[in-house]
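Quick notes on the structure that follows.
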Amino acid sequence: MTAPSLRLARPSRPAATAALTVVVAIVVVVAAWHVVAVTFFTRENGTPGAIPPPVAVLARVAQNLTDAGYWSGLAATAGAALTGYAIAVVIALVLGTAVILIPALEAFATQLGIIAACIPVAAVSPIVVIMSPSGSRAVSVVLAVLAVIFPMIIGVLLGLRAASPTQLDLVHVYGGTELTAIRRVRLISALPALLTALKIGAPAAFLGAMTGEFFAVGVDAGMGRLLISQQYVGDYAGMWAIAVLAAGVSALGYALLAAVAAVIAPWTRHLGGGAR
Amino acid sequence: MTRLRPVAASVLTTLATLVVLLVAWQLTVSLSHVSPYLTKTPLDVVDYLFVDGRFKPTAAADRRAALVPMIGVTLMHAGVGLACGVTLALAGSIAMSLSRGLRTTFLPIALVLQTVPLIAMAPVIYAVFGAGIVTAAVIAAIVTFFPLLMNVTTGLASASPETVDLVHAYGGGRRTLLWRVQLPSALPFLFAGLKIAAPATISAATLYEFLFSFEGLGANLLTSKSYSDYGLLWTLVVVTIALALAAYAVVALAERLVLSGRFPPPSAVIRRGAPS
């Protein structure tokens, strides 16, 4: 992700200075947020409006974290997200295996991923809702699958291509079978791309599951439902707090997978990729 | 002619993939015992669009005519959002490429901001900008802005040091460097970003319409479901997905035509991120 800097650029400043700039910038942004919130978005009775001040949002986040209702909502949404995530990973791995066996399928697998990534959520959700019973979290699961499947397929395909022909030849020259080649070379070289895809997929799955709750019928627990109920009563600090919590959960999922990746494949540690 | 051959090949793969998906959809519905009242097949959608009598209103031409304004509204929402997002992202990337301070300060903030789930902020955007094209454009612009900003910033920094030196050796200034070297070398990255952004704006526009509006494809997906007009619902699903795929196809085609022959094989940077 980090781009090679142009040669004309001055030599990079020490990391400490760079970190300090970022901290200062964040302070400036938060201060500007506070001023805008207090100046333009305070209601006549003094409560925060559409853009509440940062302190109010943080206080609300802290308050939510002590509320059992939020934890059960979080668990409900995360459960649907995990189901969708697992399904997407399985589909991507099955497609990957099919591509190893029949290489001609690769273009098909890529197209499938692109189509899944293009499908608008508002189009697919109503048909999932009419075809699933009331109270089902199927929409959340399907949206999580759609959000994860594209990065996963691309990750698997990149991983398959990562093995160098020389290494594979070496295995065959020494009399290794195709199975040995897969075990000793292909799997190892596929790990970096696979792990990156797994990391990127985690926040996407949570976001997809949350979006699904806006469409689901008869589902009354979850981060999305909490957001909708706060929207009805115009509780903006609560809505911002949910946005912060959702971003936090997504980041946590990403960090968890990054930690696992660092343990099982330490050489992939430098591979980044933000979340969305 | 050589320029068009890869285009023809990829068009064929895409069509083949779509045919496989449509056949799978048709077979799943015909062979399973789902309700034919709720579930429509591709053939039903063709009937809805072109055969008189089976659905209401009776004349297929009337049904097609009703679809046109919905598509128009959605295209306008998406188009305005895409235009705003692209303009802002280009301006931001160029500013960050000119000033190292801006880049080290705001790139990390942009990375953090894009983890905030759009679905959580949509109600806040709605509260600030109200109902109308502005809110639709803001939501569509946000999903365009981040993938483009990241890609174009990487692209502007990707100029090879040799070409940068060449411009300096001939006495070229910062503007010459930007115009002659950096922008052309950012083109492949721009297209990679657009391939994500274009279908994502269709998705964002329909999501906005679904949540907050009474016009456009997104809103009609909701109302046709409430009125149990399942023929219209499934047709709208097909139309919406087709629009998103068309948006992708237009960008992919433009990429082939603009980049072929001018650059080495398009170093397609696959930016993660699904429409959300």
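The values are calculated or read from the model by the stated rules, or taken from the named source; none is laboratory data. The structure presented is a predicted model; accordingly, all values stated were derived computationally and were not measured. Note that each Cβ is placed from the backbone with ideal geometry, even for glycine, and that neighbours are counted across all protein chains shown. All accessible areas refer to the heavy atoms of the entire protein, side chains included, with ligands and DNA or RNA removed. Shrake-Rupley method; radii C 1.70, N 1.55, O 1.52, S 1.80 Å.
Name the single residue, out of those in the stretch A:40-68 being loosely packed, with under 14 Cβ neighbours inside 10 Å and modelled with pLDDT under 85, that is nearest to B:Ile109 (Cα to Cα).
Of everything passing the filter in the stretch A:40-68, A:Phe40 is nearest to B:Ile109 (Cα to Cα).
Report yes if some residue within the stretch A:228-243 is more than 14 Å from chain B (Cβ to nearest Cβ) and either farther than 23 Å from B:Val112 by Cα or in contact (Cβ under 8 Å) with a residue 12 or more places away in the chain (or both); otherwise report no. Spell out the reasoning first.
Initial filter on the stretch A:228-243 (more than 14 Å from chain B (Cβ to nearest Cβ)): none.
No, that holds for no residue.
Residues that are away from chain A (no Cβ under 14 Å) and surrounded by fewer than 18 Cβ atoms within 10 Å (Cβ to Cβ): list the helices (runs of 4 or more DSSP H) wholly contained in the stretch B:11-115 that include at least 3 such residues. Full working, then the answer.
Numbers: elements: B:42-50, B:60-98, B:100-113.
Once the helices (runs of 4 or more DSSP H) in the stretch B:11-115 are filtered for at least 3 residues that are away from chain A (no Cβ under 14 Å) and surrounded by fewer than 18 Cβ atoms within 10 Å (Cβ to Cβ), what remains is B:42-50, B:60-98.
Of all the residues that make up the stretch A:92-121, how many are within 29 Å of A:Val217 (Cβ to Cβ) and free of Cβ contacts under 8 Å to residues at least 40 places away in the same chain?
Residues flagged as within 29 Å of A:Val217 (Cβ to Cβ) and free of Cβ contacts under 8 Å to residues at least 40 places away in the same chain within the stretch A:92-121 amount to 6.
May I ask you to say which residue of A:Leu245, A:Leu195, A:Leu207, A:Leu257 is under 23 Å from the mean Cα position of the chain (by Cα) and open to solvent by 40 Å² or more (accessible area, probe 1.4 Å)? First the steps, then the outcome.
Details: A:Leu245 fails: open to solvent by 40 Å² or more (accessible area, probe 1.4 Å); A:Leu195 fails: open to solvent by 40 Å² or more (accessible area, probe 1.4 Å); A:Leu207 fails: open to solvent by 40 Å² or more (accessible area, probe 1.4 Å).
None of the others qualify; the one that does is A:Leu257.
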